[in-house]
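What follows is calculated from the coordinates using simple rules that are stated; it is not laboratory data. All figures in this text were calculated on a predicted structure; none of them were measured in a lab. We place every Cβ from the backbone using ideal geometry, glycine too, and count neighbours over all the protein chains shown.
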Amino acid sequence: MSFQKNKYIVIKKAISPQLAKFVAQYFLLKRNVARRLFDERFIWAVDVDLYKRLYDKYGTPTILNEVTVVIRLWERQMTHLISNDRKEAEISLSTRKHEHIEE
């Protein structure tokens, strides 16, 4: 008997059906939340797009007087890996996406 032929049986017996269902639902929920929160057209300005949409929905954010997030700067950040053309394209997309007609 090869593992390839019988792997389903091995996995099926490894965890309970309840745990398997929980894990499957967790990953589906995570995927759905990510799709709702992040516009997949962005790879660099994804956070800016999210902040703008949150601002539009909830208004001015509350500013905290304490450090709550630390962002490490390093040479493999997306900012350093993508071209200026890609950055400009995402800025343009974000601008078009969020244009509002002033009344």
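Multiplying the residue separation of I82 and F38 by 0.36 nm and subtracting their alpha-carbon distance yields 14.0 nm. As a rough guide to protection, the peptides 43-50, 59-66 ranked by mean Cβ packing within 10 Å, highest first, stand as 43-50, 59-66. Each Lys or Arg adds one and each Asp or Glu takes one away; over the other residues whose Cβ falls under 14 Å from the Cβ of A45, this sums to 0. Residue separation of A14 and Y55 scaled by 0.36 nm, minus their Cα-Cα distance, works out to 10.2 nm of gained length.
Rounded to the nearest 20, the size of the Cβ-charge dipole of region 40-103 about its Cα centre is 220 debye, with Lys and Arg at +1 and Asp and Glu at -1.
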